[in-house]
Structure formats: C-alpha cells, structure tokens
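**Q** Handing you a structure now.
The values are calculated or read from the model by the stated rules, or taken from the named source; none is laboratory data. In this text, all values refer to a predicted model and were calculated from it rather than measured experimentally. We place every Cβ from the backbone using ideal geometry, glycine too, and count neighbours over all the protein chains shown.
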Amino acid sequence: MKKAGLWITLAAVVFIGLVVYSTLGLKRHRVEVCVEFNGRTACRTAGGETPEKARRAAIDNACALIASGVGDSIACQNKPPLSVKQIE
C-alpha cells in the first residue's frame, strides 16, 4: 500500500514538473502586435517558442477582439500588422 502511494506521489510531481517546464519553455520570445481591421485597432502581447509563433499568436488574439465571425477573423489575420515590437 505504501509503494502505491509513493508511485502516485512521484507521478504527480513529474506531471506538475512537465506542465511547468512546457509552459515556461514556450515563452522564449515575446512580441506586441497592433492590428487594424474595419476601422478598429487592437494591440496584444503574446509569447512563443519562435518569434513567428509569438507574432502569430499576438495577431490572432488582437483580431479576436476586433473581428466578428470566421470570415472577418481570417481576413483580419491575413492583413499585415500595423506594428510589431519585440519585448525582452
């Protein structure tokens, strides 16, 4: 019975460690992106394992605020951003 408890505790510690590692490891690059769509502007900051993934996540987040519907969201995401700023 004590061995089962030890294994469960060990598995929980490993699981929590993997979650923390994967969460912190994905944010090596951070960017702030401002986008404009249909006369509305939004700026969002996002992180990612590469600068391009961080940029894409920030664009997607900003477009979610100012676009309505799938078609508008896709059109917004395909427009070049107004600004992209690397954050240290």
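**Q** Which residues, counting only those in region 46-87, are closer than 22 Å to Tyr21 by Cβ and touching a residue at least 12 places away in the same chain (Cβ under 8 Å)?
**A** Residues satisfying the conditions are Ala46, Gly47, Gly48, Glu49, Thr50, Pro51, Lys53, Ala54, Ile87.
**Q** For region 63-88, what are the residues that are in contact with a helix residue (DSSP H, G or I) (Cβ under 8 Å, 6 or more places away or on another chain) and of a type in the set (A, V, I, L, M, F, W, C)?
**A** Residues satisfying the conditions are Cys63, Ala64, Ile66, Ala67, Cys76, Val84.
**Q** Just to verify a result, which residue in region 36-64, among those that are charged (D, E, K, R) and over 17 Å from the mean Cα position of the chain (by Cα), is surrounded by the most Cβ atoms within 10 Å (Cβ to Cβ)?
**A** For region 36-64, the residue satisfying everything is Glu36.
**Q** Okay, next question. Does Ile66 meet the test of being of a type outside the set (Phe, Trp, Tyr), modelled with pLDDT of 95 or more and more than 16 Å from Lys85 (Cβ to Cβ)?
**A** In short, yes.
**Q** Scan region 5-24 residue by residue and report those that are among the small types (Gly, Ala, Ser) and modelled with pLDDT of 75 or more.
**A** Passing the criteria: Gly5, Ala11, Ala12, Gly17.
**Q** Then there is this: Being among the small types (Gly, Ala, Ser), surrounded by 14 or more Cβ atoms within 10 Å (Cβ to Cβ) and touching a Phe, Trp or Tyr at 6+ places or on another chain (Cβ under 9 Å) is the requirement here; does Ala67 meet it?
**A** Against the criterion (among the small types (Gly, Ala, Ser), surrounded by 14 or more Cβ atoms within 10 Å (Cβ to Cβ) and touching a Phe, Trp or Tyr at 6+ places or on another chain (Cβ under 9 Å)), Ala67 qualifies.
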